[in-house]
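Working notes, structure below.
The values are calculated or read from the model by the stated rules, or taken from the named source; none is laboratory data. Since we're looking at a predicted model, the values are computed, not measured. No Cβ is skipped: glycine too gets one built from the backbone with ideal geometry, and neighbour counts run over all protein chains shown. Surface areas here come from the heavy atoms of the whole protein model, side chains and all, with no ligands, DNA or RNA. Shrake-Rupley method; radii C 1.70, N 1.55, O 1.52, S 1.80 Å.
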Amino acid sequence: MSAMPVQIDEAHWSAATSPVAWPAIDSRHRRWLPTLMGLLTVLVDVSVVTGAYLLAYAGRFAMDDTLPTLSFDRYLRLVLMAGALSSLLLATHGLYRLDRPKSWPIRMRDIASSSSTALVLAITGSFFLGDQAFSRLWLAWGWLLAIAGLTAWRVLAHHTYEFVRDAFGPTNRVLIVGANRLGRELADELGRRYEVVGYVDNGSDLDRLELPLLGPIAQLEEMGQAYAVDELIIALPSARREQVTHILARGFGRHIQVKLLPDLDPLLPDNFAVHQVGGRQYLGFVPVAAVSWLKRATDLVLVGLGVLVISPVLAIIALAVKLDSPGPVFYRHQRVGKDGRLFSMFKFRSMCQDADGRLEALRAQNEASGPLFKMRNDPRVTRVGAVLRRWSLDELPQLINVLRGEMSLVGPRPPLPKEVEQYEQWQLGRLRARPGLTGLWQVSGRSEVPFHDMVRLDLHYIRNWSLALDLEILLRTIPAVLTNRGAY
């Protein structure tokens, strides 16, 4: 529980922290960029879809002696319906909120879904208008070109939005309610994108604040107006929110968005529901996301194909390991899997044969946090092993563990039994999922990620699992391996 802030008298609020005469900028002017870009994106989306089908029409008929059964105006009518419906469906998926972008796998899924549904609806509408003989080849090519065009345009649109926002868009002013440790952490995080003007609180239990403590909570409304604040971030523990609640219930004299950091924040998944029962509102969520059988099917298909493709590479690596140093080609090590079940994990041997026996002598040189052991220049690593580790090639035999159902392509890092013995109670939650070859911690820096952050990333993955998230992690693994970040 957070310590209560030190109460201080009004003399503490010196002239240095008195309100500055900020111009009372209406925050509606600060939202012109997302609105303008959203309207522009709608126009371009419709143009891209119609252009894709017209291009397909030219390729199908203008360069072919075959004449279309229907006249061009019938085709044009279908094209315009497809363009308008695509834009409408993209809006229902939230793809015009450029200030709140989704991950690319989800965006691509929504683009494909919207384009497909729009085409079906447009064909259905044309059927009732008496148009029944459209070229199927034209429909297929137009559909593919529309998806490709929308995806390419969306990449450009988001880069353009970020450039214009950073160059010309006014920065939102943020006031943090809570001069505590959490408030200071939020100020550091939000300072990259917002203008954090300071804290509002009745005092602080911190020795040093990088930003000014502007006034007591009783003057929150005055502070919001005086500093032309656009957002309030409430970082108070629930026991101290009663005073803020009364002020929020009364409202402010300017448009201010309030963001409340819940006490359950570390537990909340990305998707949760707000339920209203008996006049009260409840947050509903599942601590561990339900994993579909599609994850296991995807593992088997991708690993089966992958083993066939890279089998020559596996044979070359096995030969290099055997010739480089005495000992077996594969290294089998006991790891902890889903729900605490033990299994033997396979790797290409990258260390000398007596590596485990030399571990205790090197324990004092550990560079990792928590129960992990990592050394950047581990003397036990062989010459070939150093290359394998640098490019994560020593992990490839774990494909066998995936086929056996002990691991997955994506999941938490499989820990050692000795590591699990040192876990705190909350860290045991990472054992709720099948361990993986790659995961959020690997694509976030691998050995450079502190242990507690690695656990939090794993728990985030477990709470928010989806096939789209797995695909995103697999795609991000490629540049993470190629750049060698955190690999040793």
Residue check for ARG296: farther than 30 Å from ARG383 by Cβ, modelled with pLDDT of 80 or more, charged (D, E, K, R) and more than 25 Å from the chain's Cα centre (by Cα):
no
In the range 198-225, residues that are without any contact (Cβ under 8 Å) to a residue 40 or more places away in the chain, closer than 21 Å to ARG241 by Cα and open to solvent by 20 Å² or more (accessible area, probe 1.4 Å) total 4
Given the structure, is ARG136 modelled with pLDDT under 90 and touching a helix residue (DSSP H, G or I) at 6+ places or on another chain (Cβ under 8 Å)?
no
Only residues in the range 292-313 that are over 19 Å from LEU388 (Cβ atoms) count as the first member; pair them with residues that are open to solvent by less than 50 Å² (accessible area, probe 1.4 Å) and among the charged types (D, E, K, R), Cβ under 7 angstrom, at least 6 apart or cross-chain, and list the lot.
LYS295/ASP470
Of everything in the range 250-276, what is over 19 Å from GLY183 (Cβ atoms), outside any strand (DSSP E or B) and more than 19 Å from the chain's Cα centre (by Cα)? Give them in sequence order.
ARG250, GLY251, PHE252, GLY253, ARG254, HIS255
Scanning for something in a helix (DSSP H, G or I), under 36 Å from the mean Cα position of the chain (by Cα) and not aliphatic (A, V, I, L, M), does the range 312-324 turn up at least one residue?
yes
Look at the range 392-419 and say how many of its residues are assigned to a helix (DSSP H, G or I) and surrounded by fewer than 17 Cβ atoms within 10 Å (Cβ to Cβ).
4
The conditions are (1) assigned to a loop (DSSP other than H, G, I, E, B); (2) modelled with pLDDT under 85, and PRO328 fails exactly one of them. Which is it?
(2)
Subset of the range 83-105 that is modelled with pLDDT under 80 and in contact with a helix residue (DSSP H, G or I) (Cβ under 8 Å, 6 or more places away or on another chain) - its residue that is most open to solvent (accessible area, probe 1.4 Å)
ARG97
Scanning the range 420-436 for residues that are over 19 Å from the mean Cα position of the chain (by Cα), free of Cβ contacts under 8 Å to residues at least 60 places away in the same chain and outside any helix (DSSP H, G or I), which turns out farthest from ALA290 (Cα to Cα)?
GLN422
From the list GLN243, GLN257, pick out the single residue that is among the polar types (S, T, N, Q), open to solvent by less than 80 Å² (accessible area, probe 1.4 Å) and in contact with a strand residue (DSSP E or B) (Cβ under 9 Å, 6 or more places away or on another chain).
GLN257
Out of SER344, SER325, SER350, SER292, which single residue is in contact with a His (Cβ under 9 Å, 6 or more places away or on another chain), of a type in the set (S, T, N, Q) and surrounded by 11 or more Cβ atoms within 10 Å (Cβ to Cβ)?
SER344
